[in-house]
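Here the structure comes first, spelled out in structure tokens, and everything after it is commentary.
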Amino acid sequence: MINTKSSNLNSGKAQELKPSKTIYLDNHATTPVDPAVLDEMIPYFTQTFGNAASRNHRFGWTAEEAVEKARLQIAQMIGANPKEIIFTSGATESNNLAIRGVAEMYRSKGNHIITTVIEHKAVIDTAKYLETQGFEITFLPVDKFGMVRPEDVKNAITDKTILISVMTANNEIGTINPIAEIGALAKERGIIFHTDAVQAIGRIPVNVDDLKVDLLSISAHKIYGPKGVGALYIRRKNPRVRLSPIIFGGGHERGMRSGTLNVPGIVGFGKAIELAAKLMPEESKRLQKMRDRLHEALMAQLDEVTLNGHPEKRLSNNLNLSFAYVEGEALMMAIPEIAVSSGSACTSASLEPSYVLKAMGIGEDLAHSSLRFGLGRFTTEEEINFAIEKTVAAVKKLREMSPLYEMAKEGIDLKSVQWTAH
Amino acid sequence: MAYGSKVIDHFEKPRNVGSLDIKDSSVGTGIVGAPECGDVMKLQIKVNPDTNVIEDAKFKTFGCGSAIASSSLATEWVKGKNIDEALAITNTQIVEELSLPPVKIHCSVLAEDAIKAAIGDYKRKMNHVDSTSIASHSANG
């Protein structure tokens, strides 16, 4: 065995991580690998490097054992049977497999799929692809908090509906959807229900029976595991869900996902989810306290700041705010010491502001002014203090430069101004 | 995206931020862009009526770093020029000076539009055609 440094396996807290020059508050995008996770992974690169599909020698058996241990760790986290977990390259693949797999397998039963306008692009673009293949897709709207309404799901169901896909919690605004209610509706009508639980896992309890979900996507790198590994939960009983594969080959993962398993990644994923299960009760409270402090301080020190997302039914580590009259990309540029993200158009290749904020009815002007803070396991109180101080100073500086702020302060209603579109 | 050093310099140390008296007949104001599009520039010039030379220029911009840098550069360039020379400034010159990437070209276009709008406003004021549209903060450049 190769030993890396001795890390605190019990807490999973990386005290030895040195504070870097830029503080990281973008934990919805990705998270650092927990040192305890890395320690578990290391031997599987060089020592026990076998192919989990090699059935005839010790190298293969060791790799297979490690994979099965991880499968159990993941199953336990979500109240599933290990046989119901298959490994993928990440949640994008899990979402693709869930949706395309059901669409193809159950096409003879119907061609209607219900999803929502606030899903991750891995869901939306898969649904749009299926639209070109003769499927009918209903993209449900959301309320002003970014929440899907169960009545809308109910009203959208037809005799042709074969799949409902609604994310557990949104990656931009952190709003948590009423998944159990939607799951009950789906079950009542015998419709397969998929949820993208990437942001929710490790932050709120997720149990496939409580939520009545049949398919559930998760990713390792959002929970302090490595990038490039994910999983899909596929219900085996009541009902037994079958999927057409989207990747063909050696018949790995019960034929549903061919390809040599990423053993070190899977081992890390298992360890990461085990740590998440253990740390979640304390961690979510701690992050929420820091998140609320950040929120309150920014609201107290600046005017015209609005919260995007649900005030309570929201992930404990998420804070999405709009700073009126300041453009998001400029704001991020003014706080280079803090890594955050923005729903501003300027941060995307499409030059369109966040489709999630737009779907909530937030004006494009405020969508351009949004900033997402994503706290994580390694976020410290000092970092929050630093973020408050830098953000307040940057917003004030940019507002001094903003013609909109000046006009608003002069009492001009910006909505009455005839702007020149460009 | 990584920014060019000149964009960062103008963003961190913007030149000529502020406002000139909109009611002053020697001040031309151009407001271009729209909040929904994510950028609005206000560029003002103070012109010497005898020489047509732009003696002062100020800006305020709501927009990304490149939009702020483009307007900052525009104020720097128009100062000391007569209005005909200022009208000859093109967005491609701004793109070159700031090394703007293709997705940020619209910022330079906006800056050029702001210069033209400010000069247009000044000329209108000089001709006494209509000074009320500016006072009412019309953004029609």
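The values are calculated or read from the model by the stated rules, or taken from the named source; none is laboratory data. Remember, it's a predicted structure, so these values are computed and weren't measured experimentally. Every residue, glycine among them, receives a Cβ derived from its backbone with ideal geometry; neighbour counts consider all protein chains shown.
When region A:365-422 is filtered for residues that are of a type in the set (Gly, Ala, Ser), in contact (Cβ under 8 Å) with a residue 24 or more places away in the chain and within 10 Å of another protein chain (Cβ to nearest Cβ), the ones remaining, listed by number, are A:Ala367, A:Ser369, A:Ser402.
Take region A:306-329 and flag every residue that is without any contact (Cβ under 8 Å) to a residue 24 or more places away in the chain, away from every other protein chain (no Cβ under 14 Å) and either closer than 30 Å to B:Met41 by Cβ or in contact with a helix residue (DSSP H, G or I) (Cβ under 8 Å, 6 or more places away or on another chain) (or both). Give the steps one after another, and end with the answer.
Our first condition is that a residue be without any contact (Cβ under 8 Å) to a residue 24 or more places away in the chain; within region A:306-329, this holds for A:307, A:312, A:329.
Within this subset, residues satisfying the condition of being away from every other protein chain (no Cβ under 14 Å) are A:307, A:312.
Selection gives A:Leu307 alone.
The residue of region B:96-127 that is farthest from the other protein chains (Cβ to nearest Cβ), among those that are in a helix (DSSP H, G or I) and hydroxyl-bearing (Ser, Thr, Tyr), is B:Tyr122. Being closer than 15 Å to B:Tyr122 by Cβ, in a helix (DSSP H, G or I) and touching a residue at least 12 places away in the same chain (Cβ under 8 Å) is the filter here; which residues of region B:75-95 pass it? Listed by number, the residues that qualify are B:Thr75, B:Val78, B:Ile83, B:Asp84, B:Ala86, B:Leu87. Might you let me know whether region A:223-246 holds any residue that is in contact with a strand residue (DSSP E or B) (Cβ under 7 Å, 6 or more places away or on another chain), in the same structural domain as A:Ala169 (by TED's automatic domain parsing) and among the polar types (S, T, N, Q)? No - not one qualifying residue is present in region A:223-246.
For region A:325-333, does any single residue satisfy the condition of being surrounded by fewer than 24 Cβ atoms within 10 Å (Cβ to Cβ) and touching a Lys or Arg at 6+ places or on another chain (Cβ under 9 Å)? No. Would you please name the residue that is surrounded by the most Cβ atoms within 10 Å (Cβ to Cβ), looking only at residues in region A:104-123 that are touching a residue at least 60 places away in the same chain (Cβ under 8 Å) and in a helix (DSSP H, G or I)? Result: A:Val123. The listed residues are B:Asp39, B:Asp121, and the only one of them that is at pLDDT below 95, within 13 Å of the chain's Cα centre (by Cα) and surrounded by 24 or more Cβ atoms within 10 Å (Cβ to Cβ) turns out to be B:Asp39. Take the residues in region B:50-65 that are over 28 Å from A:Phe323 (Cα atoms) and among the aliphatic types (A, V, I, L, M), then tell me which one is farthest from the other protein chains (Cβ to nearest Cβ). The qualifying residue farthest from the other protein chains (Cβ to nearest Cβ) is B:Val53. What number of residues within region B:24-49 are more than 10 Å from chain A (Cβ to nearest Cβ) and without any contact (Cβ under 8 Å) to a residue 40 or more places away in the chain? Summing the residues that are more than 10 Å from chain A (Cβ to nearest Cβ) and without any contact (Cβ under 8 Å) to a residue 40 or more places away in the chain in region B:24-49 gives 3.
Here A:Val166, A:Val117 are screened, and the one residue that is more than 30 Å from A:Leu279 (Cα to Cα), within 16 Å of the chain's Cα centre (by Cα) and at pLDDT 95 or above is A:Val117.
Kindly indicate which of A:Ala339, A:Ala330 is among the aliphatic types (A, V, I, L, M) and over 30 Å from A:Leu275 (Cα atoms).
Numbers: A:Ala339 fails: over 30 Å from A:Leu275 (Cα atoms).
A:Ala330 is the lone residue from the list that is among the aliphatic types (A, V, I, L, M) and over 30 Å from A:Leu275 (Cα atoms).
Flag set for A:Asp143, criterion: over 21 Å from A:Arg242 (Cβ atoms) and either part of a loop (DSSP other than H, G, I, E, B) or of a type outside the set (Gly, Ala, Ser) (or both).
When the criteria are applied in full, A:Val213 meets the requirement of being closer than 19 Å to A:Ala91 by Cα and touching a Gly at 6+ places or on another chain (Cβ under 7 Å).
Given A:Ala184, A:Ala156, A:Ala169, which one is closer than 23 Å to A:Thr30 by Cα and of a type in the set (Gly, Ala, Ser)?
Criteria check complete, one pass: A:Ala169.
A quick yes/no check of all residues on (1) surrounded by 17 or more Cβ atoms within 10 Å (Cβ to Cβ); (2) in a helix (DSSP H, G or I); (3) charged (D, E, K, R):
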| position | (1), (2), (3) |
| --- | --- |
| A:Val37 | yes, yes, no |
| A:Ala52 | yes, no, no |
| A:Asn56 | no, no, no |
| A:Ala75 | yes, yes, no |
| A:Lys83 | no, yes, yes |
| A:Val102 | yes, yes, no |
| A:Asp125 | no, yes, yes |
| A:Lys128 | no, yes, yes |
